[in-house]
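What follows is a single structure, written as structure tokens, with notes after it.
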Amino acid sequence: MAIVAPSLLAANFLNLEKECKMLNESEADWFHLDVMDGSFVPNISYGPMIIEFMRRTTKKLFDVHLMIVEPEKYIEDFRKAGADQISVHIEACPHLHRNIQQIKSLGMKAGVAVNPHTPVSLLVDILQDVDLINLMTVNPGFGGQKFIPHSLSKIRELRKMIDTWNLPVLIEIDGGVTLENAGDIMAAGAHVLVAGNTVFKSADPKATISKLKTL
Ligand code: DX5
Ligand code: ZN
């Protein structure tokens, strides 16, 4: 069964408390929180202040996806705001191993996010140090984009690496996940489905979350 992590990027921020409560009552496993800096990605979203407010609404796991340069400057702030798990981008981190150690030293789970053009083979020497790989299946920066079909073979390849080395690493798929493609994504070897528009723009978000869990 999939771990489902709705992305709040697609939520109605005028009713953020209501959206958080809806997720809290749903079968959603994690809150996926997208942080964008307008530098690593061409968009700006929200930071620790908003996450701190959301933290008051739920005890579910906060999965923070940092799409920012120099994440080491802010990792402690996100911990204080309530992050349980933080992913940083391999493309933004020349000292990735140090960033991972920093996240872990603050008592959080650590993940690495990879852009669509980044081969999973580049993860060979970091895979044993992380809890999660966020495979981006759209170009990071915006919700509501189309899933890049080539991603399915990347999922298979990564899953093979993880199984071969018997590592406890979760594969999280982020971008363009729908009720139509979620089955193929899970069959390719994913563990976690991030879904923004598919959840928040659906007529019945809670029912959509339940469906995603079982596809
Ligand atoms: C994109 C973000 C995603 C995004 C997914 O940069 O990392 O988490 O919110 O949104 P959907 O599911 O709408 O593609
Ligand atoms: Zn994300």
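Just a few scattered comments:
- With all protein chains in place and a 1.4 Å probe, the accessible surface of region 1-106 carries 53 percent carbon and sulfur.
- The length gained by stretching the chain between Trp165 and Lys60 to full extension, at 0.36 nm per residue less their Cα-Cα distance, is 34.8 nm.
- Cα Rg, Dmax (largest Cα-Cα span) when computed across the chain, Å: 15.8, 46
- In a reduced charge model with +1 at each Lys and Arg Cβ and -1 at each Asp and Glu Cβ, the chain shows a dipole moment near 340 debye about its Cα centre.
- With all pairs of different C-alpha atoms in the average, the Kirkwood value for the hydrodynamic radius of region 35-103 is 12.3 Å.
- Considering only Val120, Val177, Val192, the mean-square fluctuation computed in a Gaussian network model of the chain, springs between alpha carbons under 10 angstrom, is largest for Val120.
- Of the residues Lys206, Lys21, ranked by 1.4 Å probe accessible area with the largest first, the sequence reads Lys21, Lys206.
- Restricting region 68-146 to trypsin sites (Lys or Arg not before Pro) that sit in a DSSP loop and have at most 13 other Cβ atoms within 10 Å of their own Cβ leaves Lys146.
- Accessible surface, region 1-73, averaged per residue in Å² (probe 1.4 Å): 47 Å²
The values are calculated or read from the model by the stated rules, or taken from the named source; none is laboratory data. Just so it is clear, the model here is predicted, and its values are computed rather than measured. When we count neighbours, we look across all protein chains shown, and the Cβ atoms used for this are built from the backbone with ideal geometry, even at glycine. Areas reflect the complete protein model, heavy atoms only, side chains present, ligands, DNA and RNA absent. Shrake-Rupley method; radii C 1.70, N 1.55, O 1.52, S 1.80 Å.
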